Structures are given as structure tokens and as C-alpha cells.
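For reference, the structure is listed below as C-alpha cells.
The values are calculated or read from the model by the stated rules, or taken from the named source; none is laboratory data. This one's a predicted model, so the numbers in the text were calculated from it and none came from an experiment. Note that each Cβ is placed from the backbone with ideal geometry, even for glycine, and that neighbours are counted across all protein chains shown. Please note that ligands, DNA and RNA were not included when accessible areas were found on the heavy atoms of the full protein model with its side chains. Shrake-Rupley method; radii C 1.70, N 1.55, O 1.52, S 1.80 Å.
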Amino acid sequence: MQERLAVVTGGTKGIGVSLSRRLVATGHRVVALYRSDQESADLAAKELGDGFTALRADVSDPDDVARVTQLVLDTHGTPSVLVNNAGRNIDGPFLEMSTSDWDQVLAANLSGPFYMTRALAPAMLAAGGGSVVNVAATTGIRPRLNGANYCASKAGLLHLTKCLALELAPTIRVNSLIPGMIDTEEMRTRFRTDEEEHRDRLLAEIPQGRIGSPEEMADALEFLVSTKAAYITGQKFIVDGGQFMW
């Protein structure tokens with residue numbers, strides 16, 4: 001019988017659905033939040049069955065976070081795992097970036113994890129603790145062109161992780177899980193990895209010489225939320241084939 005509950009934001013497609021899939025496979029009931037892609041949510045629900053529930057919510061809206069977290073607590077119980085995976089990416093040159101593009105990305109990528117953790121942590125603490133995993137990005141470590149909003153939001157998330165790890169210790173562990181080049185539809189589109197020239201340029205930067213899989217992100221998550229990681233908190237866990245070791 002599945003008893004442990006996990007909440008995964010952005011948990012119905014891309015890396016997020018792989019994280020949800022692994023949590024279900026390791027004995028969790030999963031509540032996955034999604035903002036707008038109903039088709040992906042329906043497909044995930046069909047695949048993962050009774051151990052999985054998809055709920056629509058906008059994590060960048062504190063009122064909607066309050067609504068959906070109360071629904072989770074009332075209907076499903078208190079989670080032992082929270083994965084803050086939802087995010088937005090609106091690229092553009094800094095000098096041309098609108099206030100709206102800045103605000104939307106910061107709201108989803110930085111405020112969203114803050115709102116979600118603030119909403120669920122009291123119940124988690126009362127229940128004896130658990131694990132929070134914030135899915136960050138390598139661009140929070142090394143900047144890139146045309147992504148000032150995204151890079152700033154993910155750098156902020158890395159530091160927020162450390163602050164939460166300090167304040168929620170000893171019973172809630174908080175860590176960052178950072179993907180490198182992971183084979184998702186978004187990555188293939190953005191980096192044109194189906195084209196040999198672009199793929200070879202990327203692979204030249206990765207010591208292991210290959211692109212990672214969403215399942216390898218799920219491997220890392222499985223470890224971080226398990227008792228095997230009981231003495232790990234406030235850390236950056238990078239899954240990148242060595243690309244960002246320096």
C-alpha cells in the first residue's frame with residue numbers, strides 16, 4: 001500500500017514527469033501540479049494510474065498556492081516530499097527585456113518554490129519532517145546570454161535552498177537538484193541537438209561526451225529523498241556529466 005505522499009510542481013511533462021514517475025515507482029502517492037498543459041497532465045495520469053493525481057495550479061500566484069496546498073492537505077494528507085520543479089523561461093537581451101518578462105520568470109522560478117515551501121512546511125514539520133528538493137539550473141552557477149531573468153532566478157533559488165535548509169533543520173532537509181544537458185523535448189528544440197553540428201558543439205563541453213537522460217535526474221532525486229541522504233542538506237546536487245565542474 002502506498003502511504004508516502006510527494007508533491008511535484010511542474011510534474012506532468014519533461015523532467016518533471018520523470019521525477020513523478022520515479023516517485024510513484026518507489027512507493028509514493030504523487031500529486032503533480034501543472035499550470036496549463038492539460039494534454040500532458042492527462043497523459044501522465046493515464047500512464048501512472050491510481051498512485052498519481054494531477055492538479056492545475058499556478059505556483060507564481062500565492063493565493064493559488066494557498067488554495068491548492070489546502071486541497072492537498074485536506075484530500076491527500078501531508079507530504080513527506082516536496083519537489084519544486086515548475087519554472088518558466090522567457091529569453092531576451094537584457095536591454096530589451098520587459099518588466100513583465102522579468103517578473104513572470106522570477107515569480108515562477110524563485111517565488112514559486114518560496115510560496116510552495118512556506119505553505120507546506122508547517123504541516124511537514126508537525127508530521128515529523130521530510131525532504132524538499134528545488135530543481136535549479138546550471139545557469140544559476142554560470143550565466144548565459146539573453147537569460148538575465150532566468151539566471152538570476154535560478155541563482156536566487158540556490159541561495160534560497162541554503163536559507164531554507166538552515167531554518168527548517170533538523171527535520172526537513174532542503175537540497176538543490178541541478179540538471180545539465182538532459183534530453184527533453186524543450187532541450188532538443190532550444191539547443192537543436194537533432195542537428196549534428198549543434199549536438200557536437202555541446203558534447204565537446206561535456207567530459208562524459210553525452211547528453212543525460214531524464215531517468216538519470218530521477219536517479220538523483222530518488223537518492224536525495226531517501227534515508228540514504230539523511231545527512232545531506234543545503235547542497236547542490238549537479239547531474240551534468242562533469243560539464244560544470246569548474
For this session: Give the residue, chosen from Asp64, Asp74, Asp91, that is out of contact with any Leu (no Cβ under 8 Å at 6 or more places or on another chain) and assigned to a loop (DSSP other than H, G, I, E, B).
Result: Asp91
Exercise. In the set Leu177, Leu166, which member is modelled with pLDDT of 95 or more, open to solvent by 10 Å² or more (accessible area, probe 1.4 Å), over 15 Å from Val105 (Cβ atoms) and of a type outside the set (Asp, Glu)?
Worked result: Leu166
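Let's see how each residue does on (1) at pLDDT below 95; (2) of a type outside the set (Asp, Glu); (3) within 24 Å of Asp103 (Cα to Cα):
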{"position": "Leu5", "(1), (2), (3)": "no, yes, no"}
{"position": "Gly11", "(1), (2), (3)": "no, yes, yes"}
{"position": "Glu39", "(1), (2), (3)": "no, no, no"}
{"position": "Gly49", "(1), (2), (3)": "no, yes, no"}
{"position": "Asp63", "(1), (2), (3)": "no, no, yes"}
{"position": "Arg67", "(1), (2), (3)": "no, yes, yes"}
{"position": "Leu73", "(1), (2), (3)": "no, yes, no"}
Problem set entry | Failed item, numbered, when Cys151 is tested on (1) in contact (Cβ under 8 Å) with a residue 40 or more places away in the chain; (2) open to solvent by less than 20 Å² (accessible area, probe 1.4 Å) | (1)
Seminar exercise, completed: Among (1) without any contact (Cβ under 8 Å) to a residue 60 or more places away in the chain; (2) under 26 Å from Ser131 (Cβ atoms), Gly209 falls short only on (2)
Seminar exercise, completed: All conditions in (1) modelled with pLDDT under 95; (2) more than 23 Å from Leu203 (Cβ to Cβ) are true of Ala152 except (1)
Exercise. Quick one: is Pro93 without any contact (Cβ under 8 Å) to a residue 40 or more places away in the chain, open to solvent by 50 Å² or more (accessible area, probe 1.4 Å) and out of contact with any strand residue (DSSP E or B) (no Cβ under 9 Å at 6 or more places or on another chain)?
Worked result: no
For this session: May I ask you to list the residues in region 167-206 that are among the β-branched types (Val, Ile, Thr) and not in a strand (DSSP E or B)?
Result: Thr171, Thr184, Thr189, Thr193, Ile206
For this session: Could you grab me the full set of residues in region 188-214 that are of a type in the set (S, T, N, Q) and touching a Leu at 6+ places or on another chain (Cβ under 9 Å)?
Result: Thr193
Exercise. Can you pull out the residues in region 96-146 that are open to solvent by 50 Å² or more (accessible area, probe 1.4 Å) and not in a loop (DSSP other than H, G, I, E, B)?
Worked result: Glu96, Thr99, Ser100, Trp102, Asp103, Gln104, Phe114, Arg118, Pro122, Leu125, Ala126
Exercise. In region 28-76, how many are among the acidic types (Asp, Glu), closer than 17 Å to Ala6 by Cβ and open to solvent by less than 50 Å² (accessible area, probe 1.4 Å)?
Worked result: 0
Exercise. Restricting attention to region 5-27, and to residues there that are assigned to a loop (DSSP other than H, G, I, E, B) and surrounded by 22 or more Cβ atoms within 10 Å (Cβ to Cβ), which single residue is farthest from the chain's Cα centre (by Cα)?
Worked result: Thr12
For this session: Only one of these is among the aliphatic types (A, V, I, L, M) and under 20 Å from Met217 (Cβ atoms): Val72, Val65, Val81. Name it.
Result: Val81
Problem set entry | Residues being of a type in the set (A, V, I, L, M, F, W, C) and closer than 23 Å to Ala148 by Cβ - total across region 49-108 | 11
For this session: Considering each residue of region 207-240, count those that are open to solvent by 90 Å² or more (accessible area, probe 1.4 Å), closer than 29 Å to Pro170 by Cβ and not in a helix (DSSP H, G or I), and give that number.
Result: 3
